[in-house]
Amino acid sequence: MVFIDTHIHIDGKEFDEDREDVIMRAKEAGASAILVPAVDEESVRKIIDVCHEFPGYAFPMIGLHPEEVRDDFTQVLDRMESMFNEEFVAIGEIGLDFYWSREFEQQQLEAFERQVQWACRTRLPLMIHCRKAQNELVAILRRYKDRLPGGVFHCFTGNAQEARQLLEFDNFSLGIGGVLTFKNSHLPEVVADIPISRIVLETDAPYMAPVPMRGKRNESAFVRYIIDRLAMCYGISSEEVATETTLNAKRIFSLPG
(Lines give C-alpha, C1' and ligand atoms only; values in the text may rest on other atoms or scores of the structure.)
Protein backbone atom coordinates (compact mmCIF):
# COMPACT_ATOMS: atom_id res chain seq x y z
CA MET A 1 0.00 0.00 0.00
CA VAL A 2 1.48 3.33 -1.12
CA PHE A 3 0.37 6.76 0.11
CA ILE A 4 1.51 10.37 0.37
CA ASP A 5 1.52 12.45 3.56
CA THR A 6 0.69 15.89 2.20
CA HIS A 7 1.32 17.76 5.45
CA ILE A 8 3.99 16.95 8.03
CA HIS A 9 6.16 19.35 10.03
CA ILE A 10 9.14 16.99 9.86
CA ASP A 11 11.43 20.01 10.30
CA GLY A 12 10.05 20.56 13.82
CA LYS A 13 12.23 20.26 16.88
CA GLU A 14 10.04 17.33 17.94
CA PHE A 15 11.86 15.26 15.30
CA ASP A 16 15.39 16.55 15.81
CA GLU A 17 16.50 13.47 17.77
CA ASP A 18 15.17 10.77 15.44
CA ARG A 19 14.21 12.30 12.09
CA GLU A 20 15.89 9.56 10.06
CA ASP A 21 14.08 6.87 12.04
CA VAL A 22 10.74 8.62 11.47
CA ILE A 23 11.42 8.73 7.74
CA MET A 24 12.44 5.07 7.74
CA ARG A 25 9.19 4.08 9.47
CA ALA A 26 7.22 6.20 7.02
CA LYS A 27 8.81 4.42 4.07
CA GLU A 28 8.23 1.02 5.65
CA ALA A 29 4.55 1.90 6.16
CA GLY A 30 4.18 2.84 2.49
CA ALA A 31 4.71 6.60 2.35
CA SER A 32 6.18 7.34 -1.08
CA ALA A 33 6.56 11.07 -0.38
CA ILE A 34 6.03 13.65 2.35
CA LEU A 35 5.23 17.33 1.92
CA VAL A 36 6.62 19.84 4.39
CA PRO A 37 4.86 23.19 4.99
CA ALA A 38 6.61 26.31 6.21
CA VAL A 39 5.16 28.46 8.99
CA ASP A 40 7.55 31.44 9.02
CA GLU A 41 10.74 32.80 7.52
CA GLU A 42 13.07 30.78 9.73
CA SER A 43 11.27 27.53 9.07
CA VAL A 44 11.72 27.91 5.30
CA ARG A 45 15.48 27.66 5.69
CA LYS A 46 15.29 24.60 7.93
CA ILE A 47 12.74 22.91 5.66
CA ILE A 48 15.03 23.31 2.67
CA ASP A 49 17.91 21.74 4.62
CA VAL A 50 15.74 18.86 5.85
CA CYS A 51 14.32 18.17 2.38
CA HIS A 52 17.86 18.11 0.98
CA GLU A 53 18.58 15.28 3.43
CA PHE A 54 15.79 13.25 1.81
CA PRO A 55 15.89 14.24 -1.88
CA GLY A 56 13.02 13.06 -4.03
CA TYR A 57 11.11 12.10 -0.91
CA ALA A 58 10.55 15.24 1.19
CA PHE A 59 9.21 18.25 -0.71
CA PRO A 60 9.20 21.80 0.69
CA MET A 61 6.55 24.51 0.70
CA ILE A 62 6.95 28.23 1.40
CA GLY A 63 4.48 30.44 3.23
CA LEU A 64 3.63 32.46 6.33
CA HIS A 65 1.23 30.76 8.75
CA PRO A 66 -1.60 33.03 9.91
CA GLU A 67 -0.67 32.63 13.57
CA GLU A 68 2.80 33.98 12.72
CA VAL A 69 1.47 37.16 11.06
CA ARG A 70 2.44 40.35 12.90
CA ASP A 71 2.73 44.04 12.05
CA ASP A 72 5.94 43.37 10.10
CA PHE A 73 4.30 40.83 7.76
CA THR A 74 4.97 42.90 4.63
CA GLN A 75 8.73 42.86 5.23
CA VAL A 76 8.63 39.16 6.12
CA LEU A 77 6.77 38.32 2.92
CA ASP A 78 9.19 40.43 0.89
CA ARG A 79 12.10 38.38 2.22
CA MET A 80 10.27 35.10 1.75
CA GLU A 81 9.40 36.00 -1.82
CA SER A 82 13.10 36.51 -2.53
CA MET A 83 13.67 32.89 -1.42
CA PHE A 84 11.46 31.41 -4.15
CA ASN A 85 13.04 28.67 -6.25
CA GLU A 86 12.00 25.65 -8.29
CA GLU A 87 12.20 23.29 -5.29
CA PHE A 88 8.97 24.47 -3.69
CA VAL A 89 5.88 22.42 -4.53
CA ALA A 90 3.30 24.70 -2.88
CA ILE A 91 2.54 27.97 -1.14
CA GLY A 92 1.85 27.02 2.43
CA GLU A 93 0.98 26.81 5.17
CA ILE A 94 -1.05 29.99 4.75
CA GLY A 95 -4.58 31.04 5.62
CA LEU A 96 -6.64 32.67 8.35
CA ASP A 97 -6.96 31.79 12.03
CA PHE A 98 -9.24 33.75 14.35
CA TYR A 99 -9.65 30.94 16.89
CA TRP A 100 -7.61 32.53 19.66
CA SER A 101 -7.61 36.18 18.70
CA ARG A 102 -8.48 38.76 16.07
CA GLU A 103 -5.68 41.07 17.16
CA PHE A 104 -3.98 40.85 13.77
CA GLU A 105 -7.12 40.25 11.71
CA GLN A 106 -6.42 42.87 9.06
CA GLN A 107 -2.81 41.84 8.78
CA GLN A 108 -3.84 38.20 8.35
CA LEU A 109 -6.31 39.12 5.62
CA GLU A 110 -3.70 41.12 3.72
CA ALA A 111 -0.97 38.49 4.16
CA PHE A 112 -3.27 35.72 2.97
CA GLU A 113 -4.36 37.64 -0.11
CA ARG A 114 -0.79 38.47 -1.06
CA GLN A 115 0.18 34.81 -0.84
CA VAL A 116 -2.84 33.79 -2.90
CA GLN A 117 -1.50 36.20 -5.50
CA TRP A 118 1.85 34.38 -5.33
CA ALA A 119 0.06 31.14 -6.17
CA CYS A 120 -1.78 32.72 -9.09
CA ARG A 121 1.48 34.06 -10.47
CA THR A 122 3.72 31.03 -9.88
CA ARG A 123 0.98 28.40 -10.49
CA LEU A 124 2.04 26.68 -7.27
CA PRO A 125 -0.90 25.14 -5.38
CA LEU A 126 -2.01 26.43 -2.00
CA MET A 127 -1.89 24.67 1.36
CA ILE A 128 -4.59 26.50 3.30
CA HIS A 129 -5.14 26.60 7.05
CA CYS A 130 -8.48 27.94 8.27
CA ARG A 131 -9.95 28.17 11.77
CA LYS A 132 -13.01 30.23 12.64
CA ALA A 133 -12.54 32.23 9.44
CA GLN A 134 -14.15 30.37 6.55
CA ASN A 135 -16.41 33.23 5.45
CA GLU A 136 -13.51 35.65 5.27
CA LEU A 137 -11.28 33.09 3.59
CA VAL A 138 -13.84 32.18 0.93
CA ALA A 139 -14.49 35.85 0.20
CA ILE A 140 -10.82 36.38 -0.66
CA LEU A 141 -10.53 33.18 -2.70
CA ARG A 142 -13.58 34.10 -4.78
CA ARG A 143 -11.78 37.20 -6.03
CA TYR A 144 -9.24 34.89 -7.67
CA LYS A 145 -11.47 31.91 -8.46
CA ASP A 146 -10.70 31.80 -12.17
CA ARG A 147 -6.96 32.12 -11.56
CA LEU A 148 -6.39 29.76 -8.64
CA PRO A 149 -4.06 26.83 -9.42
CA GLY A 150 -5.71 24.55 -6.85
CA GLY A 151 -4.50 23.17 -3.57
CA VAL A 152 -5.62 21.67 -0.28
CA PHE A 153 -7.83 22.87 2.53
CA HIS A 154 -5.66 21.47 5.28
CA CYS A 155 -7.02 19.66 8.34
CA PHE A 156 -10.65 19.86 7.26
CA THR A 157 -12.99 19.25 10.20
CA GLY A 158 -16.10 21.11 9.05
CA ASN A 159 -19.64 20.11 8.25
CA ALA A 160 -21.20 19.10 4.94
CA GLN A 161 -22.18 22.66 4.02
CA GLU A 162 -18.66 23.94 4.69
CA ALA A 163 -17.23 21.11 2.60
CA ARG A 164 -19.49 21.97 -0.33
CA GLN A 165 -18.52 25.63 -0.12
CA LEU A 166 -14.80 24.85 -0.19
CA LEU A 167 -15.11 22.33 -3.01
CA GLU A 168 -16.70 24.96 -5.23
CA PHE A 169 -13.09 25.87 -5.95
CA ASP A 170 -11.82 23.70 -8.78
CA ASN A 171 -8.69 21.60 -8.31
CA PHE A 172 -8.88 21.84 -4.51
CA SER A 173 -9.12 18.87 -2.18
CA LEU A 174 -9.77 18.45 1.53
CA GLY A 175 -6.88 17.31 3.69
CA ILE A 176 -8.09 14.54 6.00
CA GLY A 177 -6.08 13.51 9.04
CA GLY A 178 -6.33 12.01 12.49
CA VAL A 179 -9.54 13.81 13.50
CA LEU A 180 -11.40 11.37 11.25
CA THR A 181 -10.59 8.59 13.71
CA PHE A 182 -11.62 10.40 16.90
CA LYS A 183 -14.48 8.83 18.83
CA ASN A 184 -16.92 11.73 18.66
CA SER A 185 -15.89 13.06 15.25
CA HIS A 186 -18.67 13.89 12.79
CA LEU A 187 -16.19 13.69 9.91
CA PRO A 188 -16.98 10.11 8.86
CA GLU A 189 -20.54 11.10 7.97
CA VAL A 190 -19.37 14.23 6.15
CA VAL A 191 -16.58 12.50 4.24
CA ALA A 192 -18.87 9.73 3.02
CA ASP A 193 -20.64 12.25 0.78
CA ILE A 194 -17.45 13.77 -0.65
CA PRO A 195 -15.98 12.18 -3.80
CA ILE A 196 -12.72 10.46 -2.98
CA SER A 197 -11.26 12.34 -5.95
CA ARG A 198 -11.38 15.43 -3.69
CA ILE A 199 -9.54 13.90 -0.72
CA VAL A 200 -5.84 13.81 0.20
CA LEU A 201 -4.17 12.30 3.27
CA GLU A 202 -2.20 14.19 5.90
CA THR A 203 -0.89 13.88 9.42
CA ASP A 204 -0.08 17.44 10.52
CA ALA A 205 2.59 15.62 12.52
CA PRO A 206 3.77 15.95 15.21
CA TYR A 207 0.20 16.98 16.06
CA MET A 208 -3.21 15.27 15.78
CA ALA A 209 -2.22 11.62 16.05
CA PRO A 210 -5.03 9.27 15.04
CA VAL A 211 -6.66 6.62 17.19
CA PRO A 212 -5.13 4.31 18.45
CA MET A 213 -2.02 6.51 18.66
CA ARG A 214 -3.80 9.52 20.13
CA GLY A 215 -1.70 11.28 22.74
CA LYS A 216 1.55 10.23 21.09
CA ARG A 217 3.72 12.24 18.74
CA ASN A 218 2.19 11.85 15.30
CA GLU A 219 4.22 10.67 12.30
CA SER A 220 3.65 9.63 8.69
CA ALA A 221 3.63 5.92 9.49
CA PHE A 222 0.32 6.48 11.29
CA VAL A 223 -1.45 7.45 8.05
CA ARG A 224 -2.52 3.82 7.71
CA TYR A 225 -5.10 4.34 10.48
CA ILE A 226 -6.60 7.24 8.54
CA ILE A 227 -6.65 5.14 5.38
CA ASP A 228 -8.47 2.30 7.14
CA ARG A 229 -11.10 4.67 8.54
CA LEU A 230 -11.62 6.25 5.13
CA ALA A 231 -12.05 2.80 3.64
CA MET A 232 -14.88 2.19 6.11
CA CYS A 233 -16.48 5.53 5.15
CA TYR A 234 -16.46 4.72 1.44
CA GLY A 235 -17.05 0.99 1.65
CA ILE A 236 -13.94 0.24 -0.39
CA SER A 237 -10.57 -1.33 0.35
CA SER A 238 -7.74 0.46 2.10
CA GLU A 239 -5.65 -0.16 -1.00
CA GLU A 240 -8.17 1.74 -3.14
CA VAL A 241 -8.15 4.66 -0.71
CA ALA A 242 -4.36 4.80 -0.79
CA THR A 243 -4.24 4.60 -4.58
CA GLU A 244 -6.88 7.27 -5.20
CA THR A 245 -5.56 9.75 -2.67
CA THR A 246 -2.01 9.29 -3.95
CA LEU A 247 -3.14 10.12 -7.48
CA ASN A 248 -4.93 13.21 -6.13
CA ALA A 249 -1.82 14.42 -4.33
CA LYS A 250 0.43 13.84 -7.33
CA ARG A 251 -1.97 15.79 -9.53
CA ILE A 252 -2.34 18.76 -7.17
CA PHE A 253 1.34 19.11 -6.33
CA SER A 254 2.82 17.96 -9.67
CA LEU A 255 4.88 15.31 -7.92
CA PRO A 256 7.03 12.90 -9.90
CA GLY A 257 6.08 9.30 -10.50
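The values are calculated or read from the model by the stated rules, or taken from the named source; none is laboratory data. Nothing here was measured: the structure is a model prediction, and the numbers come from that model. Glycine gets a Cβ as well: all are built from the backbone with ideal geometry, and neighbour counts include every protein chain shown. What goes into the accessible areas is simple: the full protein's heavy atoms, side chains included, and nothing from ligands, DNA or RNA. Shrake-Rupley method; radii C 1.70, N 1.55, O 1.52, S 1.80 Å.
Assorted remarks:
- Taking the criterion of being open to solvent by 10 Å² or more (accessible area, probe 1.4 Å) and either within 10 Å of E244 (Cα to Cα) or among the polar types (S, T, N, Q) (or both), the residues of segment 189-209 that qualify are I196, S197, R198.
- Long-range neighbours under 7 Å by Cβ, at least six apart or interchain, first residue among the small types (G, A, S) within segment 114-142, second open to solvent by less than 30 Å² (accessible area, probe 1.4 Å) and not in a loop (DSSP other than H, G, I, E, B): A119/I91; A119/L126; A133/L96; A133/D97
- L35, sole failed condition from (1) buried (at least 22 other Cβ atoms within 10 Å of the Cβ); (2) out of contact with any Ser or Thr (no Cβ under 6 Å at 6 or more places or on another chain); (3) not in a helix (DSSP H, G or I): (2)
- Qualifying residue in segment 220-229 (condition: within 14 Å of the chain's Cα centre (by Cα), farther than 16 Å from F156 by Cβ, surrounded by 21 or more Cβ atoms within 10 Å (Cβ to Cβ) and modelled with pLDDT of 95 or more): yes
- When T245, T203 are checked against the criterion of being part of a helix (DSSP H, G or I), in contact with a strand residue (DSSP E or B) (Cβ under 6 Å, 6 or more places away or on another chain), modelled with pLDDT of 95 or more and of a type outside the set (D, E), a single residue qualifies: T245.
- Failed item in (1) touching a residue at least 40 places away in the same chain (Cβ under 8 Å); (2) surrounded by 22 or more Cβ atoms within 10 Å (Cβ to Cβ), with T243 passing the rest: (2)
- Qualifying residue in segment 117-126 (condition: surrounded by 15 or more Cβ atoms within 10 Å (Cβ to Cβ) and in contact with a Cys (Cβ under 7 Å, 6 or more places away or on another chain)): no
- When R45, R70, R25 are screened for being within 25 Å of I176 (Cα to Cα) and surrounded by fewer than 17 Cβ atoms within 10 Å (Cβ to Cβ), only R25 passes.
- Within segment 73-100, the residues that satisfy the criterion of being surrounded by fewer than 20 Cβ atoms within 10 Å (Cβ to Cβ), part of a loop (DSSP other than H, G, I, E, B) and of a type outside the set (S, T, Y) are M83, F84, N85, E86, E87, F98, W100.
- Residue in segment 181-189 that is closer than 25 Å to V22 by Cα and in contact with an Asp or Glu (Cβ under 9 Å, 6 or more places away or on another chain) present: yes
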